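**Student:** Handing you this structure, nothing more for now.
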Amino acid sequence: MSTAAAPRGALGVLAATQLLLIMDTAIVNVALPSVGADLGPGAAGLSWVANAYLIAFGGLLLLGGRAADLLGHRRLFLAGLALLTTASAAGGLAPNPAVLVAARAAQGVGAAFAAAAAFALLLVLFPDGPARHRALGVFAAMGGLGGVLGTALGGALTALLGWRSTFWLNVLAAAALAALTPALRGAPGDAGPPPATGRGGARFDLAGALTATAGLGLLAYALVGGGEHGWLAPVTLATAAGGLVLLGVFGLVERRAAAPLVPPDVLRRPGLRRANLLAALAQTALFPMFFLVSLYMQHVLHHSPLGGGLALLPLSLVVVAVAPQTGRIVFRLGLVRTLTLGFVLLAAGTAWLGLALAADGGFAGTVLAPSLVLGLALPLVVVTTNVAATADAAPEETGLASGLVNTSQQFGSVLGLAVLVAVATAVTGTTGTPTPAAETGGFRAALLCGAALAAGAALLAVRLRPPAPVTAPPRRDRVGEPR
């Protein structure tokens, strides 16, 4: 296998994995009403079909990234896909809500391991520079496409074959990706766990793993459950406090551990801290926008769930077109300017979208034009924050860097959705059935809050110090070619 062919084949497998994991979140959400009609779990039970996945996924990304460094990236990638396949089959066969929620939690565990290992493999295969920027652009394109495909496929499969077919699609897709993993075998740096070092080699920090996973899981529980129980409800406050206490214990454990899960000197890198914060802020503004636009299309403009999802197809097509070119934009403008431009476009597009919404509007006059601006912004902010958050990672830290930035993005998504939906609900009001004008006002307020977050991130991005100079791209800009 040639050095050029190996990365191309591997990138295809890794990008398809990213597409599947993003698609999986949306595809099941669309099927939830049919799940409720069949199994009858009630509104609270239905919410946990979605929340169980998000909590497990968010809580285990950091552990998954470090485990990939210690156990081998490809090995953990396969284990994650195997668990995802098995859990999806269990979900497809679930006889009652309890089994379905457990299967969704297991799916989240498998997705966390597969996502962290896939991103770490990308970092190993593509050293920092134009090749990595292009590979990250492909990842961003798959992420943008995954949400729309998940919504469209979820609606079509549920209507034609029933909600269980969404889980069986997952089984087939994950099994196919597992069968294609030989494309990763020739990857440089995939010889298994890294050699032992003076810090304790490949010993596993069990105390750090338990406290970090439990702390992150409790925080995820508090965020996704806050909208259901109330932000000031005792269960929400107690869960959030418990998560923060466990993360504090985790910090103490890491200072004394011989082989810490997250070495303290890694977190002392200012560029890494700021890049992870920016990655979280990007998703805090971006992720809720997809959800809010879909609700506006369905509740106010009375489109079907499938139509609401397809409203974001033009945005996704722009992402697919722009993302592979992000490396060239970074080379011409520099990392910091590209990152700042991305956040400026994100703020402008989100504000334009919020101000354009109208109770008596239509897709072409309200959503289409600002969504195209957001399609330009998405790959710029996603690729550049990932570049900045991973450029300083040593070969033995690729999984750790992957886990940190994935965790930042996941918690940014969950936090943004929880906070902005709460803003929309507060402005809309909860007495009686809201009018289209009231719902539109709520969506507008939430989107303007997202725009303000993106504007603040743009100001923060200006102060980011790039980790290394970007070199010129090769004459033939193909994935896997030597720089």
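The values are calculated or read from the model by the stated rules, or taken from the named source; none is laboratory data. For clarity, every value in this text was computed on a predicted model and none was experimentally measured. Cβ atoms come from the backbone with ideal geometry, glycine included; neighbour counts cover every protein chain shown. To get the accessible areas, we keep the full protein, side chains included, count just its heavy atoms, and leave off ligands, DNA and RNA. Shrake-Rupley method; radii C 1.70, N 1.55, O 1.52, S 1.80 Å.
**Student:** For every other residue with a beta carbon closer than 14 angstrom to the beta carbon of Leu341, add +1 if it is Lys or Arg and -1 if Asp or Glu, then tell me the sum.
**Tutor:** Within the 14 Å Cβ shell, the charges total +3.
**Student:** R0 = 41 Å: FRET efficiency of Ala238 with Ala156, Cβ-based, nearest 0.05?
**Tutor:** Between Ala238 and Ala156 the formula returns 0.45.
**Student:** In debye, nearest 20: dipole of the chain around its Cα centre with unit charges on the Cβ of K, R (+) and D, E (-)?
**Tutor:** Roughly 1260 debye, rounded to the nearest 20.
**Student:** Here is a further query. What is the extension gain from Val245 to Val462, computed as 0.36 nm multiplied by their sequence separation minus the C-alpha to C-alpha distance, in nm to one decimal?
**Tutor:** Net length gain for the segment: 74.8 nm.
**Student:** So, one more: Let me know the volume per residue of the alpha-carbon convex hull for the chain, in Å³.
**Tutor:** Measuring per residue, one finds 133 Å³ for the Cα hull of the chain.
**Student:** In whole percent, how big is the carbon plus sulfur part of the accessible area of the chain, probe 1.4 Å, protein atoms only?
**Tutor:** About 69 percent, which is the carbon plus sulfur part of the accessible surface.
**Student:** A further question on this structure: For the chain, what is the relative contact order in percent, using Cα pairs closer than 8 Å and at least 6 residues apart in sequence?
**Tutor:** Dividing the mean separation by the residue count of the chain yields 24 percent.
**Student:** Counting helices only, and only those DSSP H runs with n ≥ 4, report the 222 nm mean residue ellipticity of the chain as the sum of -39,500 (n - 2.57) divided by its residues, in deg cm²/dmol to the nearest 500.
**Tutor:** -26500 deg cm²/dmol
**Student:** Classify the stretch 348-434 as rounded, prolate or oblate from the Cα gyration tensor: take a ≥ b ≥ c as the square roots of its eigenvalues, call it rounded if a/c is under 1.5, otherwise prolate when a/b beats b/c and oblate if not.
**Tutor:** oblate
**Student:** Which residues does the label zone of Arg269 cover in the stretch 387-413, counting backbone N under 16 Å from a point 7 Å along Cα→Cβ?
**Tutor:** Backbone N within reach: 387-408.
**Student:** Related question: Which whole-number value in Å² is the accessible area per residue of the chain, probe 1.4 Å?
**Tutor:** Value for the chain: 39 Å² per residue.
**Student:** Further question on the same structure: Per 0.36 nm of contour for each residue apart, how much would the distance between Asp360 and Ala98 grow if the chain were fully extended, relative to their Cα-Cα spacing?
**Tutor:** Difference between extended and current length: 90.2 nm.
**Student:** Would you mind checking the stretch 117-157 for residues with the amide N under 18 Å from a putative spin-label position 7 Å along Cα→C-beta of Leu172?
**Tutor:** Counting only backbone N, you get 149-157.
**Student:** Further question: Would you mind getting me the FRET efficiency between Thr433 and Ala37? Use the beta-carbon distance for r and R0 = 22 Å, nearest 0.05.
**Tutor:** 0.55
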